[in-house]
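See structure below.
A short reminder: the numbers here are calculations on the coordinates, not readings from a lab. Computed from a prediction, not measured in an experiment: that's the story for all the values here. Note that each Cβ is placed from the backbone with ideal geometry, even for glycine, and that neighbours are counted across all protein chains shown.
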Amino acid sequence: MPHAAIAQEQTITHAQGETVLQGVPETVFVLDWAALDNLAALGVPVAGLPGSNAPAYLSDAITGDELAIGSLFEPDIEGIAAAEPDLVIVAARSAATYPVLSEIAPVIDMSVDNASFAEGVKHNIETLGQIFERHDRAAELIAALDAKIDEARAAAAGKGTGLVIVTNAGNIGVYGPGSRVAWVYNELAIPSVFDTVDDGDHGGDAISFEYLLETNPDWLFVVDRDAGVGNEGAARQLLDNELVHQTTFWQNDQIIYLDPQAAYISMHGYSGLMLLLDQVIAGYGAAS
C-alpha cells in the first residue's frame with residue numbers, strides 16, 4: 001500500500017516525462033547524490049540510498065539507517081519493489097534506470113543540463129520544494145545560491161582567463177562550457193582560453209603539460225579525481241613540473257582545487273555547489 005500522506009494528487013514534469021504523485025511522499029529513495037544533497041538542504045529525510053561512493057561532504061545527511069538500494073548504475077530492483085517507496089529519484093548516472101524503475105514505483109528524473117547548470121539546480125530545488133511542501137525553504141536556498149553566484153562572479157571579474165582541468169591517474173583532461181563544471185565559465189563569466197573542446201567523455205578532452213603552457217590561463221581550476229577516491233594530493237604532484245612552472249597560474253599561485261566529490265560525483269547538489277563557489281571565492285580572495 002502507498003505510504004504517502006493523504007493529500008491532493010500532484011503531477012510532476014521532469015526530464016523523462018510526467019509522474020503523478022499521490023500526496024506528499026513519505027518513503028523516498030534516491031539514486032543520485034545530488035538529490036540527497038538537495039533533499040537534505042530542504043530538510044526532507046531519505047529512506048533509501050546507493051550503497052557506495054557517498055560524497056564525504058554529505059556525511060551529515062546520512063544516518064546509516066537508510067536502506068541500501070544498489071548502485072547508481074545498477075539499482076536493487078527487487079529490494080526497491082519490496083519496499084514500496086512513494087518516490088524514487090534518479091538523475092545523471094542513474095537516469096537510464098528510469099524505465100524499469102517506473103514500472104514498480106513513482107519515479108522522477110532530476111537530470112540537469114550542464115549548459116544551464118545553476119538554473120537546473122534551482123529548478124530541482126523548486127520542484128522538490130513543491131513536492132514536499134517546503135516552498136519557503138526552497139525560496140531561501142535559491143536566494144542564497146543566487147547571492148553566492150553573484151559573489152563569486154564579482155570575485156572573478158577582471159581577474160583574467162581560466163581553465164578547468166581534471167586529473168586522473170597521471171592524465172590531464174580539460175573541461176569546457178558544456179561540461180559538469182560548466183558553471184565556472186557560464187555562471188561566473190570567467191573567460192576560457194579555448195574556442196572548442198571535446199569534453200563529452202567523463203575524463204574531459206585529453207591535454208598535455210605543453211597545452212597548459214601554450215594556452216597559459218591566468219587561473220587553473222583543478223578537479224583531482226584521484227583525491228575523490230582517496231588519493232589526496234595527486235594533482236599537486238602531477239602539476240609540479242618544469243613546463244607548468246613556466247605558466248602564469250603557477251607563478252602567481254592562482255590554482256584553485258575544487259572539491260572533487262562535489263564537482264565530479266554529485267555535481268548538481270545545492271550544498272556541493274555552494275561549497276565549490278566558496279572555494280572559488282576563497283581562491284580569488286587569497287590572490288587579491
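Take the Cα of GLN22, step 7 Å toward its Cβ, do the same at ASN171, and the gap between the two points is 4.9 nm. Counted by Cβ distance under 9 Å from ILE89, the other residues give a net charge of -2, where Lys and Arg count +1 and Asp and Glu count -1. Between ALA68 and ASP240, residue separation times 0.36 nm minus the direct Cα-Cα distance comes to 57.9 nm. The relative contact order of the chain, computed from alpha carbon pairs under 8 Å that lie at least 6 residues apart in sequence, is 17 percent. Antiparallel beta bridges, as assigned by DSSP with both residues in the chain, represent about 40 percent of the total such bridges. Add +1 for every Lys or Arg and -1 for every Asp or Glu among the other residues with Cβ under 12 Å from the Cβ of ASP146, and state the total. Overall, the nearby charge balance is -2. Taking the C-alpha atoms only, the angle from helix 270-287 to the longest principal axis of the chain is near 20 degrees.
Against the empirical 2.2 N^0.38 Å (N residues), segment 243-288 has a Cα radius of gyration ratio of 1.34. By other beta-carbon atoms within 10 Å, ranking VAL181, VAL164 with the fewest at the front produces VAL181, VAL164.
Using θ = phi - 60° in the Karplus curve 6.51 cos²θ - 1.76 cosθ + 1.60, the 3J(HN,Hα) couplings for segment 175-181 round to 10, x, x, x, 9, 5, 10 Hz; x is entered for Gly and Pro. Helical runs assigned H by DSSP (4 residues or longer) give the chain a calculated mean residue ellipticity at 222 nm of -10000 deg cm²/dmol, each run adding -39500 (n - 2.57) before division by the residue total. Under a 5 Å amide H cut-off, with hydrogens placed 1.01 Å from N, VAL164 pairs with TYR175, PHE221 among residues at least 5 apart or on other chains. Couplings 3J(HN,Hα) of segment 22-32, computed from phi: 8, x, 8, x, 10, 9, 10, 10, 10, 10, 6 Hz, in residue order, whole Hz [Karplus 6.51 cos²θ - 1.76 cosθ + 1.60, θ = phi - 60°; x for Gly and Pro]. For a modelled paramagnetic label at SER116, 7 Å from Cα along Cα-to-Cβ, the residues of segment 59-100 in reach, with backbone nitrogen under 18 Å, are 91-92. Axis angle, to the nearest 10 degrees, between helix 117-131 and the longest C-alpha principal axis of the chain: 20 degrees. Global dimensions of the chain from alpha-carbon coordinates: Rg and Dmax equal 19.9, 66 Å. For ALA282 and ILE104, the FRET efficiency from 1/(1 + (r/R0)^6), where r spans their Cβ atoms and R0 equals 35 Å, is about 0.20. Please report the base-10 log of the normalised intensity I(q)/I(0) for segment 9-134, using a Debye sum with one equal scatterer per alpha carbon and no solvent, at each q in 0.14, 0.20, 0.21 (1/Å). Per q value, in the given order, log10 I(q)/I(0) is -0.53, -1.19, -1.34.
Quote the Stokes-Einstein diffusion coefficient, in whole µm² s⁻¹, for segment 98-149, based on the Kirkwood radius over alpha carbon pairs, a temperature of 37 °C and a viscosity of 0.692 mPa s. Once the numbers are plugged in, D ends up at 268 µm²/s.
Under the simplified labelling scheme, the GLU9-ILE77 pair shows an inter-label distance of 2.7 nm, with each label point 7 Å from Cα along Cα→Cβ.
Using the alpha-carbon atoms, what tilt in degrees (0 to 90, nearest 10) does helix 135-156 show relative to the longest principal axis of the chain? Roughly 10 degrees between the two axes.
Note on segment 145-287: Cα-Cα pairs beyond 19 Å make up 46% of the total pair count. Exposure proxy ranking for ILE80, ILE108, ILE142, based on other Cβ atoms within 10 angstrom of each Cβ and starting from the fewest, stands as ILE142, ILE80, ILE108. For segment 9-134, relative contact order (Cα pairs under 8 Å, six or more residues apart, normalised by length) works out to 29 percent. Here segment 9-134 is treated with +1 on each Lys and Arg Cβ and -1 on each Asp and Glu Cβ, and its dipole about the Cα centre works out to around 280 debye.
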